[in-house]
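Report on the structure given below.
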Amino acid sequence: MTSRREFIKITALGVGAIAAGTGMYKAGRFFALPDKPGKVDPDLTRTPTYCEVCFWKCAGWVYKNPEGRIWKITGNEEDQHCNGRFCPRGTGGVGMYYDGDRLKNPLIRVEERGKQVFREASWDEALEHVAGKMKNIASKYGPESIALFTHGSGSANFTTLVKAFGSGNIAEPSYAQCRGPRDEAFFATFGEEVYSPEVTDIRDTKCLVLIGSHIGENMHNGQIQEMSDAIDKGTTIITVDPRFSTAAGKSKYWLPIKPSTDLALLLSWTHEIIYNEYYDRKYVEKYCTGFDKLKEHVKDFTPEWAYGITTLKPDLIRKTAREMANASPAVLVHPGRHVTWYGDDTQRIRAIAILNALLGSWGRRGGFYRPAKFSLAQPDIPKFSEPARLAQDLFPGKYPVASSAVSNALIDATIPENNPGYPIKGWIVNATNLLSTIPNIPNTLKAIQNLDLLVAVDTMPMEITGWADVVLPECTYLERYDALRVAPHRKPAIALRMPAAEPMNNSKPGYWITRELSKKLGLASYFPFEKQEDLLDWQLKKAGTSLEEMKKSGVKTFEREQDDLYFAEDENVVFPTDSGKIELYSGYFEQLGFDPLPKYYPHEEPPEGFYRLIYGRAPMHTFGRTTNNPNLADLMDENCVWVNPKVANEWGLKTDQLVWLKNQDDAVTDFPVKVRVTERIRWDSVYIVHGFGHTGKQLSRAYGKGASDTRLITRVLVDPVMGGTGMRGNFVTFLTREPGKEVAS
Amino acid sequence: MRYAMAVDTKKCVGCSDCVVACQTENNVPIGFCRDWVVETMAGSYPQLEIEIRSERCNHCANAPCVRCCPTGASHFDTGGIILVKQNKCIGCGACIASCPYDARYPHPDGYVDKCTFCVQRIRNGMPPACAAVCPTKCIYFGDLDDPNSDVSLVLKKRKFKTLIPEAGTDPKLYFLI
Amino acid sequence: MKEELFVSGRINHLVDPYLNIWHWQIPLYLFLGGMAAGILCIAALYYLRGREKDYYTAVRITPFLAPILLVLGLVALFIDLRHKLYFWKLYTNIRLQSPMSWGAWTLMVITPVSFIWSALHIRDIFPRWDWKYKWIYEIEKFFNKYKRALAWVMLIYGIILGIYTGILLSAFNARPLWNTSILGPLFLASGLSAGAAATLLLSKNPAERKQFARIDLVIIGIELFLIIHMFMGYLASTQVQIEAARMFLGGDFTMSFWIFAVILGLLVPALLEILELGKVHIPAVVPPVLVLFGSLMLRFIIVHAGQVSRWLY
Ligand SMILES: Nc1nc2c(c(=O)[nH]1)N[C@H]1C(S)=C(S)[C@@H](COP(=O)(O)OP(=O)(O)OC[C@H]3O[C@@H](n4cnc5c(=O)[nH]c(N)nc54)[C@H](O)[C@@H]3O)O[C@H]1N2
Ligand SMILES: Nc1nc2c(c(=O)[nH]1)N[C@H]1C(S)=C(S)[C@@H](COP(=O)(O)OP(=O)(O)OC[C@H]3O[C@@H](n4cnc5c(=O)[nH]c(N)nc54)[C@H](O)[C@@H]3O)O[C@H]1N2
Ligand code: SF4
Ligand code: SF4
Ligand code: SF4
Ligand code: SF4
Ligand code: SF4
Ligand SMILES: [Mo]
């Protein structure tokens, strides 16, 4: 690979910055007032926020101690997302603010004596530099040659900027690396997606079926709270997972499925439910189309058939199908969230959607509720001009169902030989660490080599920042205003985020960054308010409240306009699909050349001596963004590789022994990782928690700790329907000695 | 008044939120903890069982840590809560050695620290920080002498155990099983 | 398979992964205290039995070590405290259930007593000693008058101190290894034998030396008996105590305990003393030095291993 752009350690800035950083951290460590038993909470100031440690966006309060330093964060009782209880990551959000490794100043890549290094720059200079490059690219290739990768609540500002600039190439990893297949599958079936927070009525369900979804490790707050309520009520939980997950440990039935075979199980459940007449006949007759074709389709998919594929006993499949039927319609076959597994994911989730339709759970108590939405007034800004060239032109004919830009496809298109359309020459990367988020790292690095501009907006010196031309330090969510949170839920509601402290160092809020940049690009009219809070106040007044009021309450919940959380007994629901009905058989898919009814196709199996790499979440971390957080690293500072005792025996592996993992394409982990010998994982797979194995040295707590799953995901099983990146088709083996340096990155 | 806590092992998911919440609420320095989470698993694939416990000082009714403290810094406070008076503690470590649960640790400032049942909160009618934050609501707290307290009610309803009963400490931290 | 994990991590300094709160200070303090106790008990006992003449060194000379040992012990204890500014709180409280409190108060009594005892005999070592002030002579006179009473106090507090050094540990029910009533007598015996060894080192009188070699032999016999009983006790007890005993029976502490504390510290000096009593010439310093070494090792090993032994996890 010709290296036009090399990875720069931000440490190159010199020792002074680091020393100052650790000094700050130490000061932060003992912000303690030693607790004097019996003393009343001092009169503390609290400010509202909503959490940015993950995308559940719980609303809460930030407390300061008498010295005025941020002390703790707790949930807002009024908030439906959290009911006054934050998850460990949200509670540990303070560490994000106190992390001494934070980015401090804008940085610009320069050549010094033939070596690429960063130098610190003023905001004005850095933004001038970015604007100049953007204009250059636009005049040379067109504004569409700028792509935006963004994630989280700061996205709105950057999206506005890039749209105003004239590009529609805007991608979020929450689509093609996460929920995309689910949204498209439910959309194809019910004409509607399941949103975030999911409209799953776990609280009231009588039977909760989890396909993978490892709630309890996946700490999406509302889900775990409601699952716990369900456990209290004695709800039947059925968990399908090749690993004995925490949720499996709470379940009445655990189905230890052979990975990659879920579709066979789902089809055989469908068979059982149809041929035993377990399905909700009235509901199906009234609302669904394509039942007969479905019935015919699943005729042969008996539990015995599925047994041969999934290794699950037919009896267990039958019993669990009956459990679902008994609970119907208060049964919830959870749609999952991170579902980009094997490349046939949209079809797998279609099977889940169909199962829910048969059981009559969509729109019913204990199944899926109807969300209440709230819309905010939007300021009067010039209309975005339609980009001359679209994202689809970059991969003509591919992923016809994709309703959002496909991040990985944008990355592929940045490599000229893959790109039949127009060139992509500039990336703005906001709040997403592409090198840990997008599989096939070598491919991403290759794409980066073709860029004229890479701007990384981040709070931390994450891997992506090392490849940037310009690094812009955003302040954390605890130090800024942001767009109001409006998310669908049982009741309509809004939540405010406001700064609890001044931005540290020279970091700035996203709104400020985008607005300043817009000025330099001549697009200031898209940011009519000088400050984010002015915009918020304007919006809030339109919504019948005000910034002042929201500062006191943090959250405002409205009543539903109608009492329509669930379908009424004899409601004539018209579904927003082509047919107006729930489409068990998808004519839409058929037209596009995809299976109109989901089919099971076998997946490749691990070769001799290799094991399928599966991954998931640890409850105390969010991806890689928290692994350097002092409070959360304290709970878990590295991941380990789960190995079944039989496999461990074969390899002579012991718990805590260090190994390197190597995949089928000879990709090797950057660092050794500890073995955890445990019965909780199948013998054909190994498991690691995503988000570890950071290679950025500036991350003083996370550097070199554990292994990165992304490093080992070089084979990507792309979903032809919507472009999702199936990441569980990789097989790894163990290296017990440090591998030679010949393995290229 | 006898304060007690019960943790539902059937609901606890081991997320460790109770640990972070305690750390921030009580300014426990990073690198130390007043509570912690233990997960035990037994069986072989796929016949497995798991138990998850959020643990902390048991506020033992028969507390060896109080008995062995040479200065009286460790003492029984109102409601049977066991506290350490910081300005009476010499940091001898006897109480740390005496606790079968390893519930105490030497604070970097010299004195010995441990779970206080968040006295500063409960005296103001607020639940302990760990109980208040737990996303699975699996920590119950209250007065055993009050039959209607959360903890009394749940202990009436459910089977429970204590840890190392053979140590004879009479713990006030119960685990619902 | 069974698996037990701290899922929240747990790395409390000096508590995890195993208890490590007491380092060299406490075992050293226990050794010094035990040895001082041994010296003072022997001195008081022979004085009270009127054998001052026969055992001149033991009654009048060796006790000079006691105040030194006690002060060094106190210094070690003080170094061990982590909240030093509050040290004095030890002496504003009497906690009858706390061995630590007993120890502190016992030291409070016996340290001055040991100083006085030494002062009364200072002229045995420095014949031209002069107290300079008259009132000091008055005090000296006073104590000489009540020397018997003083000896009784010294004997009783010596025994308390000796036993305390063992009780301190055995009071910790939480550490299965320490949780045996044999530790008190064992440490008392070990302290007495260290005290006897001190006299063996200092005495020039063959008769006295012979007597102390005999005493030492008897005490070593008792110690061996106690050690065997201690292990039988562990093995007949609960799982955790069996596990504690295993640390010495094949586990991590096997070598150090049996080689240093038992063989070098007890068996070899006993053998040498038997040979010496049987008129074989042995360098005089060897047996007592080995005894002292063994007595020190015993404390180090028991204190350390006890912290490793536990109920849970
Ligand atoms: N603590 C924490 N919580 C989070 C996040 C976080 O970073 N940290 N991220 C949030 C986000 S954005 C998302 S998308 C969600 C993701 O969370 P989920 O949607 O729950 O993710 P999954 O991929 O379904 O769950 C991983 C589980 O799938 C199992 N698995 C692996 N292969 C297979 C298979 O072939 N079949 C089946 N049935 N199971 C399999 C694994 O063993 C593991 O238990 O979590 C959210 N919650
Ligand atoms: N191998 C593998 N890949 C995965 C997954 C997996 O499980 N395994 N999960 C997939 C899923 S479900 C998802 S949703 C995606 C998530 O993908 P990402 O959202 O990219 O995940 P993170 O690694 O947390 O990266 C977030 C970045 O945002 C930065 N950041 C945090 N807060 C702020 C802020 O306030 N402002 C700015 N500007 N930056 C901020 C962090 O420092 C970090 O660099 O990853 C996907 N990719
Ligand atoms: S679930 Fe946790 S991390 Fe996510 S927003 Fe809520 S509190 Fe924050
Ligand atoms: S917060 Fe609750 S669920 Fe999480 S580990 Fe603690 S007790 Fe368990
Ligand atoms: S758990 Fe330990 S520290 Fe707490 S009261 Fe019991 S003995 Fe004392
Ligand atoms: S360390 Fe403090 S609280 Fe503990 S026994 Fe010693 S004086 Fe008491
Ligand atoms: S009760 Fe308070 S001090 Fe005790 S563990 Fe819970 S949060 Fe910490
Ligand atoms: Mo996600």
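Table for the structure above
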| item | result |
| --- | --- |
| Potential lengthening between C:LYS279 and C:ASN20 on full extension [0.36 nm per residue; Cα-Cα distance subtracted] | 88.6 nm |
| Gap separating the Cα centres of the stretch A:570-623 and the stretch A:273-317, nearest whole Å | 16 Å |
| Over the stretch A:611-735, relative contact order from alpha-carbon pairs under 8 Å, at least 6 apart, % | 34 percent |
| C:PHE6 accessible area, assembled protein chains, probe 1.4 Å, Å² | 70 Å² |
| Per residue accessible area of the stretch C:1-110, 1.4 Å probe, in Å² | 43 Å² |
| Chain pair A, B: total accessible area buried, heavy atoms, 1.4 Å probe, Å² | 4100 Å² |
| Accessible area buried at the C-B interface, both sides summed, 1.4 Å probe (Å², nearest 100) | 3900 Å² |
| CD proxy at 222 nm, helix term only [per DSSP H run n ≥ 4: -39500 (n - 2.57); per residue of chain A; nearest 500] | -8000 deg cm²/dmol |
| Cα centre as origin, Lys/Arg/Asp/Glu Cβ charges: the stretch A:615-745 dipole, Debye | 160 debye |
| For the stretch C:242-261 versus the stretch B:116-144, the gap between their alpha-carbon centres in whole angstrom | 44 Å |
| Furthest towards positive pole of dipole, A:ASN629, A:GLY696, A:ALA707, structure part the stretch A:611-735, Cβ charges | A:ASN629 |
| Cα-based shape type of chain A, given that a ≥ b ≥ c are square roots of the gyration tensor eigenvalues and the cut on a/c is 1.5 | rounded |
| Taking chain C and dividing mean pair separation by its residue count, relative contact order in percent (alpha carbons under 8 Å, at least six apart) | 24 percent |
| Size of electric dipole in the protein assembly as shown: Cβ of Lys, Arg +1 and of Asp, Glu -1, about Cα centre, debye, nearest 20 | 4280 debye |
| Apportionment of accessible area to carbon and sulfur, the protein assembly as shown, percent (1.4 Å) | 56 percent |
| Contact order relative to length of chain A, as percent, for alpha carbon pairs under 8 angstrom and 6 or more apart | 19 percent |
| Under 17 Å from the Cα of A:LYS697 - aspartates and glutamates, other chains or at least 8 residues apart | A:GLU6, A:ASP99, A:ASP101, A:ASP458, A:GLU463, A:ASP637, A:GLU638, A:ASP670 |
| Probe 1.4 Å, protein heavy atoms only - accessible area per residue of the stretch C:112-243 in square angstrom | 48 Å² |
| Solvent-accessible area per residue for the stretch A:611-735 (1.4 angstrom probe, square angstrom) | 27 Å² |
| Rounded to the nearest 10 Å², the accessible area of B:CYS130 at probe 1.4 Å | 10 Å² |
| Residue-level accessible surface for A:ARG676, protein heavy atoms, 1.4 Å, Å² | 30 Å² |
| Charge dipole (the stretch C:115-201, unit charges on Cβ, about Cα centre) - positive-most of C:ALA151, C:PHE172, C:LEU200 | C:ALA151 |
| DSSP-assigned coil residues among trypsin sites (Lys or Arg not before Pro) in the stretch C:99-136, each with at most 10 further Cβ atoms within 10 Å | C:ARG128, C:LYS132 |
| Dipole magnitude of the stretch A:348-439, debye to nearest 20 (Cβ charges: Lys/Arg +1, Asp/Glu -1, about Cα centre) | 600 debye |
| Nonlocal amide H pairs with A:CYS82, under 5 Å, H built at 1.01 Å | A:ALA59 |
| Centroid-to-centroid separation of the stretch A:73-103 and the stretch C:262-312 [C-alpha atoms, Å] | 59 Å |
| Interface residues in the stretch C:164-205 - accessible area drops by 50 Å² or more relative to the isolated chain, probe 1.4 Å | C:PHE172, C:ARG175 |
| Over 31 Å (Cα to Cα) - which of A:LYS57/A:LYS425; A:LYS250/B:LYS172; A:LYS163/A:LYS508; A:LYS552/B:LYS156; A:LYS233/A:LYS295 fall in this group | A:LYS57/A:LYS425; A:LYS552/B:LYS156; A:LYS233/A:LYS295 |
| Antiparallel DSSP beta bridges within chain A, as percent of all bridges there, nearest 5 | 50 percent |
| Helix-derived mean residue ellipticity, 222 nm - over chain C, DSSP H n ≥ 4, -39500 (n - 2.57), to 500 | -21000 deg cm²/dmol |
| Qualifying trypsin sites (Lys or Arg not before Pro) for the stretch A:405-484 [loop in DSSP, other Cβ within 10 Å: at most 14] | none |
| Order by protection proxy (mean Cβ within 10 Å, highest first), peptides A:103-112, A:249-258 | A:249-258, A:103-112 |
| Rounded tilt (10° steps) of C:206-235 against the dominant C-alpha axis of chain C | 20 degrees |
| Among beta bridges that DSSP assigns inside the stretch A:611-745, antiparallel share in %, nearest 5 | 55 percent |
| Tensor-based shape of the stretch C:25-308 (alpha-carbon gyration tensor, a/c under 1.5 rounded, otherwise prolate or oblate) | oblate |
| Overall form of the stretch A:175-217 per C-alpha gyration tensor (a/c, 1.5; a/b vs b/c) | oblate |
| Complex-versus-alone comparison for the stretch A:81-128, residues with a loss of 20 Å² or more in accessible area, probe 1.4 Å | A:ARG85, A:PHE86, A:PRO88, A:THR91 |
| Charge-dipole axis of the stretch B:3-176 as Lys and Arg at +1 and Asp and Glu at -1 on Cβ define it, positive-most pick from B:LEU163, B:TYR174, B:CYS134 | B:TYR174 |
| Cβ-derived FRET efficiency at R0 25 Å, A:VAL573 paired with A:LYS491, nearest 0.05 | 0.75 |
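The values are calculated or read from the model by the stated rules, or taken from the named source; none is laboratory data. Just so you know, these numbers come straight off a predicted model, no measurement behind them. We place every Cβ from the backbone using ideal geometry, glycine too, and count neighbours over all the protein chains shown. Heads up: the accessible areas ignore ligands, DNA and RNA and are worked out on the full protein's heavy atoms, side chains in. Shrake-Rupley method; radii C 1.70, N 1.55, O 1.52, S 1.80 Å.
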